[in-house]
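The values are calculated or read from the model by the stated rules, or taken from the named source; none is laboratory data. Keep in mind that this is a model prediction, so the values were computed, not measured. Please note: Cβ atoms are built from the backbone with ideal geometry, for glycine as well, and neighbour counts cover all protein chains shown. Areas reflect the complete protein model, heavy atoms only, side chains present, ligands, DNA and RNA absent. Shrake-Rupley method; radii C 1.70, N 1.55, O 1.52, S 1.80 Å.
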Amino acid sequence: MKTALTILFIIICIAMVCLVVAQEGKEAGLGTISGMADTYWSKNKGRSLQGKLLKATTVCCVLFFVVAVALSLAM
């Protein structure tokens, strides 16, 4: 059981690193001051690729913590 959890933990870690690297930066520059950040893509972020990457990162983070707790209890 511990070996399976460790392998799952490593897979989740690699997936989380790939997801974080694939995301764009949050720097909007001076566009946030003048209100230019309220575009179609910023309002519908959940349907875009960046929104999907954010949701996948959140799921991986939750799985990371659950498997980490399960591994600590399995010792």
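Scanning the stretch 44-54 for residues that are touching a residue at least 24 places away in the same chain (Cβ under 8 Å) and either open to solvent by 50 Å² or more (accessible area, probe 1.4 Å) or not polar (S, T, N, Q) (or both) returns Leu53, Leu54.
Considering only residues in the stretch 55-75 that are open to solvent by 90 Å² or more (accessible area, probe 1.4 Å) and at pLDDT below 95, the one that is farthest from Leu5 (Cα to Cα) turns out to be Lys55. Within the stretch 15-35, residues that are at pLDDT below 90 sit with their Cβ atoms under 6 Å from residues that are assigned to a loop (DSSP other than H, G, I, E, B), at 6+ positions apart or across chains, in these pairs: Ala28/Ala37; Gly31/Ala37.
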